[in-house]
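One structure below.
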Amino acid sequence: MRPPASPAPNAPLPAVSPMLRRLAEERATGALMRESGTLYLADGQVVHAESPATPGIDVLLTAGGTLARAGWWEAVAAAGARQRVAAYLVDSGRVPGGALELCHLGALYDAAFFALAPTSTPARFRYGVSHWIGPVHPVAAGSVERETLRRRELLDRIWPDGAVDTAPLVRLPDAAAVPLTPRRRAVLAAVDGSRSAAEIARGLGRSAFHTLVDVRRLAAAGALDAVRSYGRPEDASSGPRTGAPVLPEVTPDPDIALLRRLRDALEVL
């Protein structure tokens, strides 16, 4: 199955956040606060993003061994008040400039994906607010929107049930038979019936979005499912399990049948 073509770089995009577009057009500086996170702008460009759903740049830097935890807090103490933490890390030789930029961009796009999630809660903007990390690499608001849409489409192509994104996750009985890459094996090993994808990402020190990709691929392969209000997924089927895992019979919702067909199609790819 061929994936849908990506929009041309200059093609009009669906409005992920009309307020973000307006702020970019007026070259605003400040903090765009939404239900699931905050985007920091300088002259209309996105310079940083944070979300409770994602590990921060400190976790990404320290979990991979790029920076010692003590070195991070030393930089915050020495340069946080001056909003120069990024510059301090590079100037002091604690983190190479290229490594910091890559890590920061990863954290920015990761948090922006969740911060720009659809919501009915009104967004707010505080003019003049800057983040204490300081300047690293500004990104055009249009690029952030485009990447957010691309990521949404990718997740839906892999497995269209978003329940696994936010709910606690549980392994299914056939998980042991599913062939896994080392990366997905680490994600599955962290699934314990109580932790969500965001908690697993934070524990592994990995991007929350890329952890969602692994989680959805594992769900499509029948290795895990969300813990739903009616109980553990593996208890919902009374008959013996053969072949691909069967989704629980709990509702006449036609989406359940659709998910089954999509799962079967993914398994033969």
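The values are calculated or read from the model by the stated rules, or taken from the named source; none is laboratory data. If you're wondering where the values come from, they're calculated on a predicted model, not measured in any experiment. Cβ: placed from backbone, ideal geometry, glycine included. Neighbour counts: every protein chain shown. Note: accessible area is taken over every heavy atom of the protein model, side chains too, but ligands, DNA and RNA are not part of it. Shrake-Rupley method; radii C 1.70, N 1.55, O 1.52, S 1.80 Å.
Residues 54, 66, 62: which one is over 21 Å from residue 113 (Cβ atoms), of a type in the set (Ser, Thr, Tyr) and touching a Phe, Trp or Tyr at 6+ places or on another chain (Cβ under 8 Å)?
Numbers: 54 fails: over 21 Å from residue 113 (Cβ atoms); 66 fails: touching a Phe, Trp or Tyr at 6+ places or on another chain (Cβ under 8 Å).
Answer to the selection: 62.
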I want to confirm something. Restricting to the range 181-205 and keeping residues that are open to solvent by less than 50 Å² (accessible area, probe 1.4 Å) and out of contact with any strand residue (DSSP E or B) (no Cβ under 8 Å at 6 or more places or on another chain), which single residue is modelled with the lowest pLDDT? 205
How many residues does the range 25-67 hold that are in contact (Cβ under 8 Å) with a residue 40 or more places away in the chain, outside any loop (DSSP other than H, G, I, E, B) and not hydrophobic (A, V, I, L, M, F, W, C)? 9
Could you grab me the full set of residues in the range 144-164 that are among the small types (Gly, Ala, Ser) and either buried (at least 18 other Cβ atoms within 10 Å of the Cβ) or touching a residue at least 60 places away in the same chain (Cβ under 8 Å) (or both)? 163
Within the range 12-29, can one find any residue that is in contact with a strand residue (DSSP E or B) (Cβ under 7 Å, 6 or more places away or on another chain), modelled with pLDDT of 95 or more and of a type in the set (Gly, Ala, Ser)? yes
Residue list for the range 102-138, filter: more than 22 Å from residue 213 (Cβ to Cβ) and acidic (Asp, Glu): none
Number of positions in the range 96-131 that are in a loop (DSSP other than H, G, I, E, B) and either under 22 Å from residue 22 (Cα atoms) or at pLDDT 95 or above (or both): 12
I need a count of the residues in the range 80-125 that are within 18 Å of the chain's Cα centre (by Cα), among the hydroxyl-bearing types (Ser, Thr, Tyr) and open to solvent by 60 Å² or more (accessible area, probe 1.4 Å). 0
Screening 16, 76 for residues that are in contact (Cβ under 8 Å) with a residue 24 or more places away in the chain and out of contact with any Ser or Thr (no Cβ under 8 Å at 6 or more places or on another chain) leaves only 76
If a residue must be over 12 Å from the mean Cα position of the chain (by Cα) and surrounded by fewer than 23 Cβ atoms within 10 Å (Cβ to Cβ), how many such residues does the range 41-52 contain? 5
Cβ pairs under 7 Å, 6+ apart, first in the range 93-117 and farther than 29 Å from residue 165 by Cβ, second in a helix (DSSP H, G or I): 94/71; 94/75; 95/61; 95/89; 97/90
Take the range 55-72 and flag every residue that is within 24 Å of residue 36 (Cβ to Cβ) and among the hydrophobic types (A, V, I, L, M, F, W, C). 57, 59, 60, 61, 63
